[in-house]
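The values are calculated or read from the model by the stated rules, or taken from the named source; none is laboratory data. Since the model is a prediction, treat every value here as computed from it, not as a measurement. Note that we place each Cβ from the backbone using ideal geometry, even for glycine, and neighbour counts take in every protein chain shown. For accessibility, only protein heavy atoms count, side chains too; no ligands or nucleic acids. Shrake-Rupley method; radii C 1.70, N 1.55, O 1.52, S 1.80 Å.
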Amino acid sequence: MIRSALLALCAGLFAAALPARADVPPPPKSLVLYTQRHYQFDETLQKMFQEKTGIRVDVVKAGADELIARLQEEGDKTEADLFMTADGGGLEKAKQAGLLQPHAEVVLSRVPDTLRDPEGHWVALTKRARVIVYSPERVKPGELSTYEDLADPKWRGRLVVRSSANAYNQSLLATFIAANGAEAAGAWATAVRKNMARPPQGSDRDQIRAVAAGLADVAISNTYYLGLLETSEDPKDREAAAAVKIFFPNQEGRGTHINISGAGIVKGSKKTAEAQAFLEFLLSDEIQTMIASETFEYPVVESAAWSAVQTRWGKFKADAVPLAALANHNAEAVRLFNLAGWE
């Protein structure tokens with residue numbers, strides 16, 4: 001028995017000393033993405049990335065604030081490698097909380113200065129304009145001018161817009177605070193709430209549908225939602241899109257408000273190379289052009305092509321307010337909405 005045990009021990013030690021078999025594949029590469037985005041096309045892009053690089057993207061979805069809280073709780077033990085949002089304010093909050101690390105220059109160089117953190121902790125991946133959608137049957141383009149003008153009593157009972165709990169509206173009001181001050185921003189929110197045809201409800205697509213149905217004459221919406229309605233499989237949505245037009249506000253002044261979807265590499269990530277590779281993939285001309293055609297978000301890479309739908313909408317002057325303002329004025333924007341009774 002002793003001899004048998006010794007032989008078994010020696011055999012085990014000998015086997016352990018042997019090099020690994022060459023035909024045994026290495027474990028697959030992967031990265032963990034914490035994301036606020038909920039677009040089906042994102043899954044297509046993740047599969048394309050895996051096919052191209054062999055790197056699998058494991059996704060955790062939640063709201064931006066929830067993901068930030070989770071990253072703070074997990075600390076150095078987090079498995080997250082990338083943090084992605086559908087609003088620039090969330091990225092800046094994550095940076096200010098010390099949750100992100102600077103990107104490599106190869107990523108930063110693909111994005112204009114105005115669409116990335118000055119210290120390189122996050123970059124935009126797409127952008128969207130927040131515009132006025134109107135009924136050409138009941139509104140003449142000459143009646144439209146600025147966001148500020150929507151506070152005019154002439155729009156009483158003619159405007160629809162979603163809840164103030166939505167990040168897009170909070171970021172829009174944050175730019176008002178940056179441009180005009182808190183007092184003027186609060187007065188605007190109060191007047192716009194009085195002009196609404198109904199209490200705030202639904203998505204941006206629902207606001208467009210309401211204008212098309214005659215429930216209101218104008219709405220505030222992100223551009224890409226109209227693109228999604230135009231290409232919807234539902235004929236009613238296509239009819240709604242055909243019944244409205246886009247107006248880009250503030251073209252004679254500070255420009256139309258834009259927001260971004262973007263990402264930052266999580267501080268302490270053990271897979272920064274994989275995370276950087278995914279960002280380089282998303283910022284390639286090919287993928288940026290695909291995003292413009294599939295989600296109707298504008299590309300951030302200047303050499304990427306717009307979709308035919310976006311080209312038809314036309315060029316516009318964008319507000320150049322630093323995107324950090326979306327986070328810096330967010331709490332004040334929420335307070336002003338509450339004071340205005342904007343649900």
Global form of segment 206-259, assessed from the alpha-carbon gyration tensor, a/c cut-off 1.5: prolate
Size of charge dipole - the chain - debye, nearest 20, with Cβ of Lys, Arg +1 and Asp, Glu -1, no other charges: 340 debye
Difference of contour (0.36 nm per residue) and Cα-Cα distance, ASN338 to ALA242: 31.1 nm
Most fluctuating residue given options PRO299, PRO141, PRO102, as computed from a GNM of the chain linking Cα atoms under 10 Å: PRO141
Per residue accessible area of segment 239-343, 1.4 Å probe, in Å²: 42 Å²
Sparse-neighbourhood loop sites, GluC sites (Glu not before Pro) in segment 102-168 - DSSP loop, at most 13 other Cβ within 10 angstrom: GLU119, GLU137
Carbon/sulfur fraction of accessible area - segment 82-181, other protein chains in place, 1.4 Å, %: 50 percent
DSSP-defined beta bridges in the chain - what % are antiparallel, rounded to 5: 60 percent
DSSP bridge orientation in segment 104-256 - percent antiparallel, rounded to nearest 5: 75 percent
Prolate/oblate/rounded label for segment 259-333 (Cα gyration tensor, a/c 1.5): oblate
Loop GluC sites (Glu not before Pro), segment 222-260, which have at most 14 other Cβ atoms in a 10 Å radius of their Cβ (DSSP): GLU233, GLU252
Label assignment, Rg and Dmax of the Cα atoms in Å derived from the structure, set (i) 18.4, 55; (ii) 24.5, 100; (iii) 23.0, 76: (ii)
Spatially close lysines, pair count over segment 194-343: Cα under 29 Å, gap of eight or more or interchain: 6
Simple spin-label estimate for ASP206 and ALA273 in nanometres, 7 Å along Cα-Cβ: 4.8 nm
Sites matching chymotrypsin sites (Phe, Trp or Tyr not before Pro) across segment 111-192 that sit in DSSP coil, with at most 14 neighbouring C-beta atoms within 10 Å: none
Helix 2-17 axis, angle to the chain major axis (alpha carbon atoms, nearest 10°): 50 degrees
Max mean-square fluctuation residue, GNM over the chain, Cα-Cα springs under 10 Å, options ALA324, ALA179, ALA304: ALA179
Calculated from backbone phi, Karplus (6.51, -1.76, 1.60) coupling profile of segment 176-192 in Hz, x at Gly/Pro: 4, 4, 5, 8, 10, x, 5, 5, 5, 5, x, 5, 5, 4, 5, 5, 5
Potential lengthening between ASP234 and GLN50 on full extension [0.36 nm per residue; Cα-Cα distance subtracted]: 63.1 nm
Segment 136-181, accessible area per residue, ligands and nucleic acids excluded (1.4 Å, Å²): 40 Å²
Sum of -39500 (n - 2.57) over DSSP H runs of 4+, divided by residues of the chain (222 nm, nearest 500): -13000 deg cm²/dmol
Long-range amide H partners of ALA318 with built H, under 5 Å: THR256
Amide H contacts of ASN222 (H built 1.01 Å from N, under 5 Å, at least 5 apart or other chain): VAL131
Surface share of carbon and sulfur [accessible, 1.4 angstrom probe, percent] for segment 199-343: 52 percent
